[in-house]
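Colleague: Below: one structure in structure tokens.
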Amino acid sequence: MIEITTLSELTIDGKLALHRAASSKDLFDYSSDELKAWFHGQRASADAIMVGANTVRVDDPWLTVRHVAGRNPLRVIPSSDGRLPLTSALLNDGLPTLIAVAGRATAATVAALEAMPAVEVIRCGDHSVDLPALMDRLEARGVRSLVVEGGSTLLSSLFGQDMVAKIVIKHIPIISGDPEAPTYLTPTPRPGFAPRLSRWRMTEWFVKGGIGVSVYVRENAP
């Protein structure tokens, strides 16, 4: 079974970004060099890294290891319709990237993605990406650990299906103040994926470069 760890940056008021359409990269800019190195070390220790399609559209992330020496994890992007900007950095740098689409993704869309360097497309699910089926496909490829860096819709789907084993939160000492800024979990997840009450146990709390980091596992976890 793949161990799924969510790795997120949150403001004091629980926001994933400063404003509704702002990039989460803005929060990363408040990190110290020490925290950035630690953060990228977490990426390097994972077999794969995942973000949602909207994060790709808004943030245009690299999802690579840059602030420490280490390997780049396999990048995994669930995108039900496959409609990702073909100019996205992670579609053009030639590093292995897996795009999971649903049956409703058109053949033309899939072909355009597969034409990008080192990009592979697989189908999982009919109308939307079947995340448990995607995990089975990844596990068959040898993936044992997966870091998920958001966004809130993807996180809500994972928590709603009880798929998360560990939570890591970097507490950025900033207050967004924007009521429409994205929260850790989307308040209106799609039907069937509403996160249920679950209790977590803090196993670590430490400070890196002036930023608090908390780590949680499920309370009933060994």
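Any read-out appearing in this document is the output of simple, stated calculations on the displayed coordinates, not a laboratory observation. Because the structure is a prediction, the values reported are computed rather than measured. FYI the Cβ positions are ideal-geometry reconstructions off the backbone, even for glycines, and counts take in every protein chain you see.
Colleague: Take the residues in the stretch 82-110 that are part of a loop (DSSP other than H, G, I, E, B) and under 18 Å from the mean Cα position of the chain (by Cα); name whichever of them is surrounded by the fewest Cβ atoms within 10 Å (Cβ to Cβ). Walk me through it before giving the result.
Modeller: Narrowing the stretch 82-110 to residues part of a loop (DSSP other than H, G, I, E, B): 82-88, 92-96, 102-106.
Right, trim to under 18 Å from the mean Cα position of the chain (by Cα) and you get 82-85, 88, 95-96.
Working: Gly82: 23, Arg83: 15, Leu84: 23, Pro85: 11, Ser88: 18, Leu95: 18, Pro96: 15.
It comes out as Pro85.
Colleague: Among the residues of the stretch 144-158, how many are among the hydrophobic types (A, V, I, L, M, F, W, C) and more than 8 Å from the chain's Cα centre (by Cα)? Lay out the reasoning, then the answer.
Modeller: Here is the first cut: in the stretch 144-158, the residues among the hydrophobic types (A, V, I, L, M, F, W, C) are 146-148, 154-155, 158.
Imposing the further condition that a residue be more than 8 Å from the chain's Cα centre (by Cα) reduces the set to 146, 158.
The total comes to 2.
Colleague: Name the pairs: first residue in the stretch 2-21 and free of Cβ contacts under 8 Å to residues at least 60 places away in the same chain, second residue in a strand (DSSP E or B) and basic (Lys, Arg), Cβ to Cβ under 9 Å, at least 6 apart or on different chains?
Modeller: Listed by first residue and then by second, the contacts come to nothing, as the list is empty.
Colleague: Further question: With the checklist (1) touching a strand residue (DSSP E or B) at 6+ places or on another chain (Cβ under 9 Å); (2) farther than 28 Å from Glu9 by Cα; (3) assigned to a loop (DSSP other than H, G, I, E, B) in hand, flag the one item Leu113 doesn't pass.
Modeller: (3)
Colleague: Condition test on Val143, is it surrounded by fewer than 17 Cβ atoms within 10 Å (Cβ to Cβ), farther than 26 Å from Thr11 by Cβ and among the β-branched types (Val, Ile, Thr)?
Modeller: Values: surrounded by fewer than 17 Cβ atoms within 10 Å (Cβ to Cβ): no; farther than 26 Å from Thr11 by Cβ: yes; among the β-branched types (Val, Ile, Thr): yes.
No.
Colleague: With the condition kept exactly as written, say whether any residue in the stretch 127-137 is crowded, with 18+ Cβ neighbours inside 10 Å and free of Cβ contacts under 8 Å to residues at least 40 places away in the same chain. Explain how you work it out, then say what you get.
Modeller: Step one: list which residues in the stretch 127-137 are crowded, with 18+ Cβ neighbours inside 10 Å, which gives 128-131, 134-135.
Still in the list and also free of Cβ contacts under 8 Å to residues at least 40 places away in the same chain: 130.
Yes, the stretch 127-137 has at least one match.
Colleague: Which one is nearest to Pro179 (Cα to Cα), of the residues in the stretch 37-71 that are without any contact (Cβ under 8 Å) to a residue 60 or more places away in the chain and among the charged types (D, E, K, R)?
Modeller: This residue is Asp59.
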